[in-house]
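The structure appears right after this line, and notes come after that.
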Amino acid sequence: MNGADEVVAAPGGPPPALDWKFSQVFGERTAGEEVQEVDIISAIEFDKTGDHLATGDRGGRVVLFERTDTKDNGGSRRDLERMDYSIRHPEFRYKTEFQSHEPEVFFSHESLLHHHTVYNCALCAQLFSLIIYIFFFQFDYLKSLEIEEKINKIRWCQTANGALFLLSTNDKTIKFWKVQEKKVKKVSEMNVDPSKTVANGSVASSSSLSSPKTHLANGACQSFSSLSNDISFPPGGIPLLRLPQVTSHETSLVARCRRVYAHAHDYHINSISNNSDGETFISADDLRINLWNLEISSQSFNIVDVKPTNMEDLTEVITSAEFHPTHCNTLAYSSSKGSIRLIDLRQSALCDSHAKLFEEQEAPGARSFFTEIIASISDIKFAKDGRYILSRDYMTLKLWDINMDSGPVTTFQVHEYLRPKLCDLYENDSIFDKFECCLSGDGLRVATGSYSNLFRVFGCGPGSTEATTLEASKNPMRRQVQTPSRPSRSLSSSITRVVRRGAESPGVDANGNCFDFTTKLLHLAWHPTENSIACAAANSLYMYYA
């Protein structure tokens, strides 16, 4: 918001609703253009500074963008101070891209997948993999499975010496990348005209060799001057010394894979998360969470294992995991039953028991065939200060206080209008869509995606009723839905628990348009320090600011 349009909140009251505006779009589609499957964006992540943004797609590529509006534009300090910063907004430009992952062959036999625990030698592991590869393709190819190259998650690591570092993963393999600028000197010209050459006689006529003589067998001397001046070797003479002159430098970005963390997961990797210690990270699949050291790719430590002895007794799976932003010993993971477990790595090497459990009690008589499906949490995020955890299930966003495990502090209704359509959504598999969520850097707002390329922004500050619906297009307010009703409140202990409702129209927006369940906004990220959101609509990256 700028100038006279800015709304000032009353002292002690909730912050005003943000006025969102379109900023940029990369890869915008033209009307009727067909989108290739490999170009669809599958991951988005800002780095901690907000100066770099990374996206991954289903084709296994990682694309990097860098911010340009914060760089010095060459003006004086007085000119910069006179500028109206209220009209400025984050601007990014394409930086580079690289192929992170290729299709892989995965063998489903569990004992073979854990050969890395037996063969610590990298060479032995490679030879063993080759033997298994040949064996299965010759005798038991039905147990092999091709793993697609789609990027599931991207996480930025600490920068060093001007180089960028990040982790990327597909379903089975995690890679550690270093992206660095390389300067190449360009030779544009020589400092001597190459056409000027001289014969040997001229070269030899310097003062130091003015009268060279040769000694004959009888002691007589013969001067070189008596030799024919027409003799030159090589023919045409020797050119004068030519020195290269460097007049320009070319800069290129080089992405190099530093390490590959593979063969540690039997099931598809759904999460990776960096630790605040800058040395370790976790990777999670449906049943296990592994702890890695960034410098060691040959082994990992299994810290969570929910796999039962008998797979028929399996009741829930891990859906997302994330480290605490400041406490290196604490992490949280969510499950398909709608619960979040907080674990402390100081308690034991294998965290079979949790330090805290966050789950909402089911209302009596509310259970149905779809209850567990829609309760499954698809994504969790810690707030920047680590005090709150945001979770996203199919119907709602929930904000949890880690000091209060009796229930969520606030619940935001995102898809309540879809409740009558759950049967249809189950038939077309839309009910299994995994929407991500994010929080603003100040912790006052949360955001998540929806269908028809819509995304929702909710205020979660005290007393806030902000609930904005925007469309991933150049006119984000084009499909603005009706203003939601004020939230209903119910007291729980000493903390007010809030249920905030979004649009209740059954599948129709304010303009009477039906929601399109084939277009969905699954991936989005909030800038760490400013009110700026990047979101993916198919192969297009849209950016908005407020």
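The values are calculated or read from the model by the stated rules, or taken from the named source; none is laboratory data. Quick caveat: nothing in here was measured; it's all calculated off a predicted structure. Cβ atoms come from the backbone with ideal geometry, glycine included; neighbour counts cover every protein chain shown. All accessible areas refer to the heavy atoms of the entire protein, side chains included, with ligands and DNA or RNA removed. Shrake-Rupley method; radii C 1.70, N 1.55, O 1.52, S 1.80 Å.
List of remarks:
- Phi to ³J(HN,Hα) by Karplus 6.51 cos²θ - 1.76 cosθ + 1.60 over region 377-393, Hz, x for Gly, Pro: 7, 8, 7, 10, 9, 7, 5, 4, 8, x, 7, 10, 10, 9, 10, 10, 10
- Between amide H atoms placed 1.01 Å from N, distances below 5 Å from ASN270 occur with ALA284, ASP285, all of them 5 or more places distant or on a separate chain.
- Packing-based order for 165-175, 267-277, using average beta carbon neighbours within 10 Å, highest first: 165-175, 267-277
- Computed E for SER348/ARG258 - FRET, C-beta separation, R0 35 angstrom, nearest 0.05: 0.65
- Amide H contacts under 5 Å for ASN302, placed H, 5+ residues apart: LEU291
- Cβ crowding within 10 Å averaged over residues, with 298-311, 37-50 ranked highest first: 37-50, 298-311
- Accessible heavy-atom area order of GLU436, GLU181, highest first, probe of 1.4 Å: GLU181, GLU436
- Inter-site label distance for THR68 and PHE369 at 7 Å from Cα along Cβ, in nm: 5.4 nm
- Placed amide H near THR448: partners under 5 Å, 5+ positions off or other chain: ARG456
- For the pair GLU279 and LYS182, label points projected 7 Å from Cα toward Cβ lie 3.2 nm apart.
- Which listed pairs, of LYS178/LYS398; LYS398/LYS474; LYS307/LYS398; LYS474/LYS520, have C-alpha distances above 25 Å, in listed order: LYS178/LYS398; LYS398/LYS474; LYS307/LYS398
- Computed from label points 7 Å out along Cα-Cβ, the spacing between ASP313 and ARG387 is 4.1 nm.
- Residues listed by number, region 514-534, amide nitrogen under 20 Å from LYS474 label point at 7 Å toward C-beta: 533-534
- The 3J(HN,Hα) values that the Karplus relation (6.51, -1.76, 1.60; θ = phi - 60°) gives for region 354-360 are, in residue order, 9, 7, 9, 10, 10, 7, 9 Hz. Gly and Pro appear as x.
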